[in-house]
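Following: one structure in structure tokens, then a few remarks.
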Amino acid sequence: MLTTSPPTTDSQSFLTRGVQKRQLANGLTVITKERHDKPVVASIIWYRVGSRNEELGQTGKSHFLEHMLFKGTDRFQKGEIDLLTLQNGGANNAFTWLDFTAYYFTFAADRWQVALDIEANRMRHTSFAPEEFNSEKQVVEEELRIGLDGPWEALENEVWATAFRQHPYHWPTVGWLDDLEAATAADMKAYYDKWYHPQNATLVLVGDFNTDEVMPKVEALFGTIPTGLEARPLHIIEPVQKGEKRVVVKKETPVERLIIGYHAPAIGEDDAYGMHLLETILSTGKTSRLYQRLVEQDQSVTSAAAHYHDHIDASLFYFQAELKPGFALAAVEQAIYEELERLQNEPPSEAEMNKAKRQIEADLVLSNEEPLQQAILLGQYETIAVAQRLPEASRGYHYLDTLLERIGAVKAVDVARLVRQYFTSDNRTVGYLVKENANPASEATSTGGAADEQR
Amino acid sequence: MSSDKPNAMPTTAHIHFDVERLELPNGLVLLLSENHHTPAVSINAITLTGSRFENDEQAGLASLVGELMDEGTTTRTWKQLAGAVEAVGARFRTFGDYQVSGAQGAFLAHDLSLGLDITADVLMNATFPEDQIQLHKGRRAAQIKSRLDVPRIQASDAFNELIFAGHPQHRPAIGYEATLANLQRQDFADFYRRYFVPNNTLLAIVGDFATAEVKRWVEEIFGRWERQDNFQPPLIPPVKRQTEALEKFINAPKEQVNIFIGHLGIERKNPDYYALLVMDTILGSSPGFTSRIPRILRDEQGLAYSTYSNITASAGLDAGRFIAYIGTSPDNLEQALSGLRREIARMAQEPVTAHEVESAQAYLTGNFVFDFQTNAQIAEFLIEAEVYELGFDYLQTYPERIRAVTIAEVARVAAHYLAPDALTTVVVGPVDELGNVISQT
């Protein structure tokens, strides 16, 4: 029996209502959404390039390149983009992750178009002056060192590097320190020339503007940029994992940590929708299964969570737990397996399924009030929901149109089947973070953060 | 494009929202603002209490009271509370900070009455079940340990212990392992009964609702809450700013040194707050890396990913802190320390330029609109407007106050509120107690 009404389509229309999509002749995709409730405009440009596109020995280039786009072009000197942002009362930043790099501005509606001017210019005219490159290299290395000091980052990096043997998800977005040190301005310029083109980019505008007035301006600024070479599709496939992998990271830390990662589907695969539900059932809120088991019942952890994010290629569904002193990593690991076992034997109740569906639906509304958040969501899916397996009605930002419907269709038996199929010992990588002087008998590795690398 | 001159001084984008304020007979202040763009409502129920009202032996008490308020009431178990919230996909948390405690929720519009009901329940009827106290104390003890994993927090805690010595702000709100052990159920219940009273509480509701209906609900649900006529908040004696330089070096096996330099700051009600906001924007808080500290230490010298300064960010009911922060490689320690100290001294001793003041004013007035993007932000503003007596015409008075700041004014407040000869410096990282870098193999 349903105790609450089924999820409605309110949140999907809330996000995609009024969205228009165009493509310029040179291939640039432009997504606009007018919102006249607040006098602000968020603009964000996405490039379909991230650490996924890098090569061994040159890791971290996508993120480093993101930094360089603030360090001077033929028209904007170093610091000038920030100064224009300051003087116009705006904000800007950028972020890079596995599959993408994105740059955003938020401005009041009466002066936001400076953002278009900057993005159109720096798509092809970044300078890469050697002195700027060398000084920014130090900044990026300092950013990397913050990660080295973070226990979760240390463990996460090791688990992903262990789980992915061939696929570039093997290395962290910020790259390996030695690769950064070896990077040259010429390498960076070549990488920029390869990926920063209209046909590999999506411009998203959300806020208080008139689309018909803005499009001629977009056309004038971006329309003359050459299309660029079509990027060859990547053919990098992680082979099926045949047997559990374990890794141990030693670090001077007062609390031990655990990450367990399972190879999981890419965005748009049929099973991906159920994985999102499973993530919610396991770890959203105090009534979630992991909280009830590990925090309330066993009282063995300070926190525990499950994570599954949409990526272009198959990635990891992973668990992370921070242990209370006096509890054993092996026992917490075992408790997580028992909860997975229980999901197979006692599929979630109707109420539990409805709760999780509701949580996902409400989150789309509650997390996306701001124009910038909406622009990020629209641009992200336009950039990563590209596989041919996605039907036209769910491809690109339209992914958001059908997301709730697809999640709503997942049944409890499907969830149980997913656990049985994916959460096997052969498919997992286990990471333990232990104290420097500890001597774990047989132990493993890490946690992955969803943390984007911001500039 | 030339950016030598700010764009004339852009006007502040027009923002407007209606606010209805009323006080219930029991003293509860209700602040309502409708916004129908998103089918959601934010609830902020704020009681003016926190760790500033606990003593050293009870450190951690207020924040645990905050955490435990939704772990059981006279009408619901923790599981029923969480179950009701999560079944509708809402967000709800209770908390105890330094100066405010209470509950914050975000509900889809059609679930607002449930949200109000639960908010009232945790404010009025919390029971502090013994098993939940044990659970939270155990978890808290581990969280206190894990703070040592974040060198920036470790440095910040050590910095507070020095500059706020003798004042409640010297403690981390999370408490200490030793004081946690002392806290008993009676302590939680007493603190809750003493401070969580309607005439010490503000309730802000912002979002997609009809004011008349919500007023009726609030009067019915919160009207039962009994006024405490003899309630008086304790007085917190102010702390004095140090008069001499202090240094503390703490060894930790890390890749970076984390540095805090600064001293006591200002109260939010200080009339110089606005001139100091302009100073902050020029010295170390700006979008990107335009202000002096990030521009010079990061963008020009490449010393750090993260470096900044501010004095207004921590201004509250009590004086906050002036801080300059940097996280950098141990090799850069000397250059980073001297760079931060040089920029602080230069700000205190030399006038800023007209261009800097104009750019900062353009930024602060132009960016103001972004403080009012979400229901939660507006609810938070309504509470602050009440606590700091900003007036609901603040949307107009703020830009006026910022525009009124002059070069001379910035020079005066910088000289008065910055003390380059009496700075506290805390360094956490691979250093010995004298500040020598210990080379790591």
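The values are calculated or read from the model by the stated rules, or taken from the named source; none is laboratory data. What you see is a predicted model, and the numbers here were worked out from it, not measured in a lab. Cβ placement follows ideal geometry from the backbone for every residue including glycine, while neighbour counts extend to all protein chains displayed.
Give the residue, chosen from B:105, B:115, B:175, that is surrounded by 20 or more Cβ atoms within 10 Å (Cβ to Cβ), more than 30 Å from residue B:215 (Cα to Cα) and out of contact with any Asp or Glu (no Cβ under 7 Å at 6 or more places or on another chain).
Working: B:105 fails: more than 30 Å from residue B:215 (Cα to Cα); B:115 fails: more than 30 Å from residue B:215 (Cα to Cα).
Sole residue among the options that is surrounded by 20 or more Cβ atoms within 10 Å (Cβ to Cβ), more than 30 Å from residue B:215 (Cα to Cα) and out of contact with any Asp or Glu (no Cβ under 7 Å at 6 or more places or on another chain): B:175.
With region A:341-408 as the region, which helices (runs of 4 or more DSSP H) entirely inside it contain at least 3 residues that are in contact with a Ser or Thr (Cβ under 8 Å, 6 or more places away or on another chain) and away from chain B (no Cβ under 14 Å)? Full working, then the answer.
Numbers: elements: A:350-366, A:371-384, A:399-408.
Answer list for region A:341-408: A:371-384, A:399-408.
When you scan region A:318-327, do you find a residue that is surrounded by fewer than 21 Cβ atoms within 10 Å (Cβ to Cβ), closer than 28 Å to residue A:238 by Cα and touching a strand residue (DSSP E or B) at 6+ places or on another chain (Cβ under 9 Å), even just one?
If we filter region A:318-327 for residues that are surrounded by fewer than 21 Cβ atoms within 10 Å (Cβ to Cβ), which is where we start, we get A:325-327.
When the remaining residues are screened for being closer than 28 Å to residue A:238 by Cα, the result is none.
No, region A:318-327 contains no residue that is surrounded by fewer than 21 Cβ atoms within 10 Å (Cβ to Cβ), closer than 28 Å to residue A:238 by Cα and touching a strand residue (DSSP E or B) at 6+ places or on another chain (Cβ under 9 Å).
State which residue is nearest to the other protein chains (Cβ to nearest Cβ) when the search covers only region A:88-142 and only residues that are under 30 Å from residue B:15 (Cα atoms) and in a loop (DSSP other than H, G, I, E, B).
A:89
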- [ ] From (1) farther than 26 Å from residue B:378 by Cα; (2) loosely packed, with under 15 Cβ neighbours inside 10 Å, pick out the condition that doesn't hold for residue B:155.
- [x] (2)
- [ ] Could you identify the single residue in B:93, B:140 that is part of a strand (DSSP E or B), basic (Lys, Arg) and at pLDDT 95 or above?
- [x] B:93
Task: Subset of region B:96-122 [in contact with a strand residue (DSSP E or B) (Cβ under 7 Å, 6 or more places away or on another chain) and outside any helix (DSSP H, G or I)] - done: B:100, B:101, B:102, B:103, B:104, B:105, B:106, B:107, B:108
Open item on the list: Looking only at region B:18-46, how many residues end up being within 14 Å of chain A (Cβ to nearest Cβ) and either in a strand (DSSP E or B) or among the basic types (Lys, Arg) (or both)?
Closed with: 6
Task: Scope region A:32-57; condition more than 20 Å from residue A:91 (Cβ to Cβ), among the basic types (Lys, Arg) and part of a loop (DSSP other than H, G, I, E, B); matching residues - done: A:48
Open item on the list: Need the failing condition index for residue B:256 against (1) more than 7 Å from chain A (Cβ to nearest Cβ); (2) touching a residue at least 60 places away in the same chain (Cβ under 8 Å); (3) polar (S, T, N, Q), just the number.
Closed with: (1)
Task: All positions within region A:159-188 that are under 24 Å from residue B:328 (Cβ atoms), surrounded by fewer than 18 Cβ atoms within 10 Å (Cβ to Cβ) and within 22 Å of the chain's Cα centre (by Cα) - done: A:177
TODO: Answer yes or no: is there a residue in region B:300-309 that is under 27 Å from residue A:94 (Cβ atoms), more than 14 Å from chain A (Cβ to nearest Cβ) and at pLDDT 95 or above.
DONE: yes
- [ ] Determine, yes or no, whether residue A:110 is modelled with pLDDT under 95, over 20 Å from residue A:63 (Cβ atoms) and either in contact with a Ser or Thr (Cβ under 7 Å, 6 or more places away or on another chain) or not assigned by TED's automatic domain parsing to the domain that holds residue A:435 (or both).
- [x] yes
Open item on the list: If I go through region A:146-158 residue by residue, how many of them are crowded, with 20+ Cβ neighbours inside 10 Å and either of a type outside the set (Gly, Ala, Ser) or in a strand (DSSP E or B) (or both)?
Closed with: 8
- [ ] Could you grab me the full set of residues in region B:375-431 that are of a type in the set (A, V, I, L, M) and outside any helix (DSSP H, G or I)?
- [x] B:390, B:404, B:405, B:418, B:419, B:422, B:423, B:426, B:427, B:428, B:431
